[in-house]
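Below is one structure; the comments refer to it alone.
Read-outs throughout are calculated quantities, based only on the coordinates presented, and are distinct from any laboratory measurement. Because the structure is predicted, anything quoted here is derived from the model rather than measured. Glycine gets a Cβ as well: all are built from the backbone with ideal geometry, and neighbour counts include every protein chain shown.
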Number of protein chains: 2
Amino acid sequence: MNITFSPIGTIRSPFQDVRNMPIQPTGAKDTEGQVLVEADYAEGLDDLEGFSHIILLYHFHQSEGFHLKVTPFMDNEPRGLFSTRAPRRPNGIGLSIVQLLKRDGRILHIRGVDVLDGTPLLDIKPYVPKFDSAEVSSIGWLEKKAQKSETLRSDDRFLAK
Amino acid sequence: MNITFSPIGTIRSPFQDVRNMPIQPTGAKDTEGQVLVEADYAEGLDDLEGFSHIILLYHFHQSEGFHLKVTPFMDNEPRGLFSTRAPRRPNGIGLSIVQLLKRDGRILHIRGVDVLDGTPLLDIKPYVPKFDSAEVSSIGWLEKKAQKSETLRSDDRFLAK
């Protein structure tokens, strides 16, 4: 069964190359970018400006294929793919929570963008802590490693083959 | 430009009907379900058990079409679609954070599932507060309304036409 999606816009960022990118929004806290939404969907952005943070779902368009075991940027051991945020996945959907600075028609000005310039946008949702945050008791192999995400940069391991 | 995805599994829950469902995980805190992952992808679940919470991305397979203005379950006024979590969207991708109770081969036992039984699964990611939570300063029209999500149930407004 195939499910077909079509981008509703594009994400603009200063990152032109999959290599040497921040690997999570934590590494791009002050990085600003834009979401350009297709004119056909602009009306759907109404009321979004009330939210300080939004969820972007997008397509990892530069990452093709996948392996079920990967060595993540933040670790030295192979891990099950679904326990990682590696961009090469069976369905290459990326998820980032960014700060919404301003809406200007069909342009959203955002901060904390860790996404490649030109990334196809699939969906925007309001970020609501009551729905989207959880009190975790464990974060697996990322324990003591998530901190690294602030400074670590990507390399070429998840480039399209 | 079309992007084609293919489900990697199925979400099982007690909810058989789009009507009278919890509208967010907050309304289904104690509801247990399972994620059945296709055998081909089972190895990718390794290391996931270390995480107490996971992110499920799935297809709103019972919701077709969309309107750019919708009246959400939690409100009485029409709102821009992207400022809502309505399931009828240009790209019908749903997002839920659930508690991971146990992995049993290619079956994940989960709690806090607000998803329709039989929902096609697109991706699983580990939930990491450092990446996936934000300190918000505003939640727009949901201010004073998000609380309702604990008790409010869906009706037929987002049924496939």
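General remarks:
- Summing charges over all other residues whose Cβ lies under 11 Å from the Cβ of B:ASN20, with Lys and Arg as +1 and Asp and Glu as -1, gives -1.
- Note on the stretch A:9-150: with charges restricted to the Cβ of Lys and Arg (+1) and Asp and Glu (-1), its dipole about the Cα centre is near 560 debye.
- Given R0 = 25 Å, the distance between the Cβ atoms of B:GLU38 and A:SER138 translates into a calculated FRET efficiency of 0.45.
- Length-normalised contact order of the stretch A:67-112 in % [C-alpha pairs under 8 Å, at least 6 apart]: 23 percent
- A dipole drawn for the stretch A:37-126 from +1 and -1 charges on Cβ atoms has a positive end, and of A:GLN99, A:GLY65, A:SER83 the residue lying farthest that way is A:SER83.
- Working from Cα pairs under 8 Å separated by at least six residues, relative contact order for chain B is 40 percent.
- Inter-copy label distances at B:ARG157 (7 Å, Cα→Cβ; nm, one decimal): 4.6
- The stretch B:67-121 versus the stretch A:68-105: alpha-carbon centroid distance in Å: 19 Å
- Copies compared at B:GLN62 - label distances in nm, ascending, label defined 7 Å from Cα in the Cβ direction: 4.0
- The average projected area of the protein assembly as shown, computed from the convex hull of its Cα atoms over all directions, is 14.7 nm².
- Ascending distances from the A:GLU43 label point to its copies in the other chains, with the point 7 Å along the Cα-to-beta-carbon line: 5.0 nm.
- Dividing the convex hull volume of the alpha-carbon atoms in chain A by its residue count gives 133 Å³ per residue.
- Only helices enter the 222 nm calculation for chain A: every DSSP H run of n ≥ 4 contributes -39,500 (n - 2.57), and dividing by all residues gives -500 deg cm²/dmol, rounded to 500.
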